[in-house]
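Structure first, commentary second.
The values are calculated or read from the model by the stated rules, or taken from the named source; none is laboratory data. Predicted, not measured: the structure shown is a model, and the values here were computed from it. Cβ coordinates were reconstructed from backbone atoms using ideal geometry, including for glycine residues, and neighbour counts include every protein chain displayed. Heavy atoms of the whole protein, side chains included, go into the accessibility calculation; ligands, DNA and RNA do not. Shrake-Rupley method; radii C 1.70, N 1.55, O 1.52, S 1.80 Å.
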Amino acid sequence: MKLWQGRFEEESDPVFEKMNRSLGIDAVLLDVDIRASRAHARSLLGCGVLTREEWKSIDQGLEQILSEYTPEQVKATPYEDIHTFVEATLASKIGPAAGKLHTGRSRNDQVATDFRLFVRKAIGLIMADLEALQLALIESGARYSEVIIPAYTHMRRAQPIRWSHYCLAYNEMFGRDAERFEESLKRVDILPLGSGAVAGSNFPVDREAVAKELGFAKISANSLDATCDRDFVLEFLSNASILLVHASRLAEDWIIYSTEEFGFLELSEKITTGSSLMPQKKNPDGFELIRAKAAMTTGLLTGFLCVMKGLPTGYNKDLQEDKEAFLKAFENVRLSLSVLRLSIRTVTLKTDRLEKAAADSFMGATDLADFLVMKGVPFRSAHEIVARAVREALDQKKQLNEIDLSAFSPFFSGLPADYLTPENIVNRKGHSPALKR
C-alpha cells in the first residue's frame, strides 16, 4: 500500500523503493504517531467529519495497534513509512472508516507533529541524564574534597587547585548544556498539525484543542513554515554537539591523567578494555569512543545544516534525513553521558601521585609575585624578580622553595616558610568554590 499511488500507473523501481523507504528509521515514532492520530481523530469528530461510531472505531483501533506492535516489529513490515503502516494496519482492523482518518492533514504536518513530540521527550531524557552526571561530579568532588591537583594551561602545570574545583568546572559546563536544551524546548513545543501539506486545512479542526490534548504550548502561526521547519532539529544537533565537546574534553583529560606517565587516576575495569596481544594493557576505550562520538555528532550537525541550506520553501523529501541524524546524535549523547557518569562514580584518585605533583612549588610563582605586590612592588617588576628566581632554581635543579629568595628581593626575607605549600596557595584564593549545586 502507498498513500499516493492513485496517480501512478507504473510500480516504483526496487532501487528507488529502498532509497525512499524510511520505516527502518521512523518506526520509533509509532507511539507518537498513534497519539497524534488519536488527537486528530477527535478533532475530526468535533468538526463533523467523523460520526461518533467512526471516531470510536478509529480510536480503539489505534489503541489496539499500539498494544500489539513494537517499533522493532513494525520495521519488519513492508510499508513505506510509519504513517503508511498505521493507516494500512488500521484499515485491516476496522475497514473503510480508517480511510477518513487522514482527512484534513498531510504526511507533511503529520510527521512534523510526530517528530516534535519525539524530540520533546528526548530532550527530557537528556536533561535527566545531565542532572545525574552533575550529581556524580559533585559527589566525586565531595569524596576527594581535600585532594589538591595541578591545574594546567597549555598542558603545563599552572597553579594548584582542589579536585572539587576541577569537578565543579565540568559541572558548570554541563549545567550550561542543560540550560541550552531547556531553552530549546519552547521552540520544539509548537503544534504544526492542521497546516496540511503547505497551505492549511479546509476543515475547521480545533487546533487549540489538539494542542492541549498533545501537551503543546502553542500552535504554529504559518502553515508554509510549519511543514518545512526543522530549526528544532538543527538546534538539537547543535546542543548535542556542544554537550559532547564538553564530554570529549573530560574524556581527554582522563585519558591523559590515567596514563602511567601521569598516574593521577585509576580507571575502573568496568569502563576499560584489554589488549588481544599485550596482557598488561588497560585501555580507556570508553573515553576514546566518547571523543569519536563527539566528532561524529558534529558531523551530523554539519551534514544536516548542508541539507537545509539548499532547500526551496515548502516541504522537500530531503527532510526525511532529519530523523536519522537526530536519532544517531540522541544515541551518542545518551551513551556518552552514561559512560561518563559510571566513570566518575568508579574512578580512584591516586593521591600519592597527586600530592607529589601538587607540591611543585613552581606553581606558586604567581603567589610570590603577588607577595611582592602587597609590599608595594609594581606587578611588572615583581613578575620580573620572580622570573629571575625561577631561572636560578631551574639552573640549580632545585624547587623554587629550595633557593634563597631573599637574594632576589629583600622583601622575601619576611616570607613565611610554608608560603608555597599547595594548601596555602589554594587557600589564599578567595574564589575557591564551595561544593554546592
> If you take the residues in region 385-429 that are in contact with a Gly (Cβ under 7 Å, 6 or more places away or on another chain) and either assigned to a helix (DSSP H, G or I) or of a type in the set (Lys, Arg) (or both), which one is nearest to residue 163 (Cα to Cα)?
Replying inline: 425
> Does residue 305 meet the test of being open to solvent by less than 60 Å² (accessible area, probe 1.4 Å) and either more than 26 Å from residue 106 (Cβ to Cβ) or over 16 Å from the mean Cα position of the chain (by Cα) (or both)?
Replying inline: no
> Does residue 251 qualify as being crowded, with 16+ Cβ neighbours inside 10 Å, in contact with a helix residue (DSSP H, G or I) (Cβ under 8 Å, 6 or more places away or on another chain) and outside any strand (DSSP E or B)?
Replying inline: yes
> Going through region 14-51 one residue at a time, which ones are assigned to a loop (DSSP other than H, G, I, E, B) and either touching a residue at least 60 places away in the same chain (Cβ under 8 Å) or surrounded by fewer than 20 Cβ atoms within 10 Å (Cβ to Cβ) (or both)?
Replying inline: 21, 22, 47, 48, 49, 51
> Is it true that residue 125 is under 27 Å from the mean Cα position of the chain (by Cα) and not β-branched (Val, Ile, Thr)?
Replying inline: yes
>> When you check residue 149 against the structure, is it at pLDDT 95 or above, within 17 Å of residue 246 (Cβ to Cβ) and touching a Leu at 6+ places or on another chain (Cβ under 9 Å), yes or no?
In response: no
> If only one of 332, 316 is closer than 30 Å to residue 82 by Cα, modelled with pLDDT under 95, out of contact with any Gly (no Cβ under 8 Å at 6 or more places or on another chain) and polar (S, T, N, Q), which one is it?
Replying inline: 316
>> Please go through region 66-80 and give me each residue that is closer than 8 Å to residue 30 by Cβ and surrounded by 14 or more Cβ atoms within 10 Å (Cβ to Cβ), ordered by number.
In response: 66, 69, 71, 74
> Could you say whether any residue in region 211-234 is at pLDDT 95 or above, among the β-branched types (Val, Ile, Thr) and open to solvent by 40 Å² or more (accessible area, probe 1.4 Å)?
Replying inline: yes
> Condition test on residue 186, is it among the basic types (Lys, Arg) and closer than 30 Å to residue 132 by Cα?
Replying inline: yes
> What pairs can you find where one residue is in region 203-223 and in a helix (DSSP H, G or I), the other is open to solvent by 80 Å² or more (accessible area, probe 1.4 Å), and their Cβ atoms are less than 6 Å apart, with a gap of 6+ or different chains?
Replying inline: 223/199
> How many residues does region 363-412 contain that are within 22 Å of residue 150 (Cα to Cα), open to solvent by 30 Å² or more (accessible area, probe 1.4 Å) and small (Gly, Ala, Ser)?
Replying inline: 1
> Which of the residues belonging to region 302-322 are touching a residue at least 24 places away in the same chain (Cβ under 8 Å), hydrophobic (A, V, I, L, M, F, W, C) and in a helix (DSSP H, G or I)?
Replying inline: 304, 305, 308, 319
> Of the numbered conditions (1) among the hydrophobic types (A, V, I, L, M, F, W, C); (2) in a loop (DSSP other than H, G, I, E, B); (3) under 23 Å from the mean Cα position of the chain (by Cα), residue 167 satisfies every one except a single condition; which is it?
Replying inline: (2)
> Pick from region 265-301 the residues that are outside any loop (DSSP other than H, G, I, E, B) and among the β-branched types (Val, Ile, Thr): which of them is surrounded by the fewest Cβ atoms within 10 Å (Cβ to Cβ)?
Replying inline: 273
> What residue, of 86, 111, 119, is among the β-branched types (Val, Ile, Thr), assigned to a helix (DSSP H, G or I), open to solvent by 10 Å² or more (accessible area, probe 1.4 Å) and under 22 Å from residue 211 (Cα atoms)?
Replying inline: 111
>> Just the residues that are open to solvent by 30 Å² or more (accessible area, probe 1.4 Å) and either farther than 22 Å from residue 315 by Cα or touching a Pro at 6+ places or on another chain (Cβ under 6 Å) (or both), please, taken from region 179-204.
In response: 179, 180, 182, 183, 185, 186, 204
